[in-house]
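The values are calculated or read from the model by the stated rules, or taken from the named source; none is laboratory data. In this text, all values refer to a predicted model and were calculated from it rather than measured experimentally. All Cβ positions, glycine included, derive from the backbone under ideal geometry; neighbour counts span all protein chains shown.
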Amino acid sequence: MHRIAGHRYFPDVAAMIFPGISPEEAIRKVLEVKTVYQFQMEWMYAFNNRVIESTMESFTYDFSPGIRPDKGYLYISNHRDIILDTSLLQMAFVYQGLPTSMITYGDNLIVNQLADDLARSNKMFKVVRKGNKRELFKNSALLSEFLRSCIRQGNSCWIAQRNGRTKDGLDKTASALVKMMGMSGMRASGDSIAAGGAIAAGDAIAAGRTFAAGDAIAAGRTFAAGDAIA
C-alpha cells in the first residue's frame with residue numbers, strides 16, 4: 001500500500017473512485033488498508049458502484065444453485081474489457097455472498113508499477129506470454145498447476161477463454177487453454193470448471209446462456225472427472 005500511495009498517478013486514480021477526495025485523504029485512506037479483502041470492499045466496491053450507477057440502467061447476475069462458497073471453481077469466459085468485466089464479476093460474487101476469485105491477466109497489460117500493484121491488490125496474477133517455445137511450455141505448466149492448486153484449496157479463479165478480444169464477435173475457447181488445463185491433470189482431479197460470459201449493462205452471469213449479441217457460451221455446467229468439454 002505504501003508503494004501505491006507513493007506513486008505519482010495514485011491521486012488521479014483515487015479521484016476517479018472517490019470524486020473530490022484530496023491527495024492527502026486518498027493516501028491516508030489507502031494506507032489504512034491491511035488486507036486484500038479490505039482493499040476490494042473499500043476501493044474496488046466503490047469503483048464498481050460508481051461504474052454501475054453512472055453507466056448502466058441495471059446490473060443483473062445469476063449463478064447456478066450448485067455454486068458453493070466453500071468450494072473453488074475455475075471460471076472461463078470471454079471478455080470485452082478484461083479489467084472492467086472481471087471487476088464486475090467480483091461485484092456479482094459479493095452480491096451473491098461468494099468469495100471473490102483470483103483473476104489471470106496477460107503481462108502485456110502492465111504499463112507501470114502502480115498498475116501492477118493495484119492488480120496484485122485485487123487478487124490478479126500475471127500470465128507470461130513472452131518467450132521461446134520452451135519458456136512458454138514451462139509457463140503454461142506452472143499456470144496449470146497454480147490454477148489446480150488454488151481450486152483444490154477452495155479458491156476460485158477466472159481466466160479468459162482466449163488471448164485478447166475476438167475481432168469478429170465470435171467467441172471460441174482456444175484449444176491451447178484446454179491443453180494448458182490438462183497439463184496438471186486438472187480434469188482427472190475432479191476440480192470444477194464453470195462457464196460464464198462477458199458482463200455488460202443488463203447482462204446476467206450464468207452458465208450456458210447467451211449474454212449479448214454473438215456471445216454464446218458453449219460449456220454451460222460444472223465439469224468433474226470424466227466429463228468432456230463441449
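Yes/no per residue for (1) more than 23 Å from MET1 (Cβ to Cβ); (2) buried (at least 17 other Cβ atoms within 10 Å of the Cβ); (3) touching a Phe, Trp or Tyr at 6+ places or on another chain (Cβ under 8 Å):
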residue: ASP81; (1), (2), (3): yes, no, no
residue: ASP85; (1), (2), (3): yes, yes, no
residue: LEU89; (1), (2), (3): yes, yes, yes
residue: THR100; (1), (2), (3): no, yes, yes
residue: LEU109; (1), (2), (3): no, no, no
residue: GLN113; (1), (2), (3): no, no, no
residue: LEU118; (1), (2), (3): no, yes, no
Worksheet item: Of the residues that sit in the stretch 8-23 and are over 24 Å from the mean Cα position of the chain (by Cα) and outside any helix (DSSP H, G or I), which one is surrounded by the fewest Cβ atoms within 10 Å (Cβ to Cβ)?
Response: GLY20
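If you go through the stretch 33-49, how many residues are of a type in the set (S, T, N, Q) and within 15 Å of SER101 (Cβ to Cβ)? Can you show your working first?
Taking the stretch 33-49 first, the residues of a type in the set (S, T, N, Q) are 35, 38, 40, 48-49.
Within this subset, residues satisfying the condition of being within 15 Å of SER101 (Cβ to Cβ) are 40, 48.
So the count comes out to 2.
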Worksheet, complete the sentence: Of the residues in the stretch 169-197 that are charged (D, E, K, R) and either farther than 25 Å from PRO99 by Cα or not in a loop (DSSP other than H, G, I, E, B) (or both), the one that is modelled with the highest pLDDT is LYS179
Discussion item. Suppose the filter is part of a helix (DSSP H, G or I), among the hydrophobic types (A, V, I, L, M, F, W, C), at pLDDT 95 or above and surrounded by 13 or more Cβ atoms within 10 Å (Cβ to Cβ); does ILE52 pass it?
Written reply: no
Fill in: Unmet criterion (only one of (1) surrounded by 16 or more Cβ atoms within 10 Å (Cβ to Cβ); (2) closer than 18 Å to LEU177 by Cβ; (3) of a type in the set (Gly, Ala, Ser)) for ALA141
(1)
Fill in: Top-ranked residue of the stretch 24-37 - restricted to ones that are at pLDDT 95 or above and in a helix (DSSP H, G or I), ranked as surrounded by the fewest Cβ atoms within 10 Å (Cβ to Cβ)
GLU24
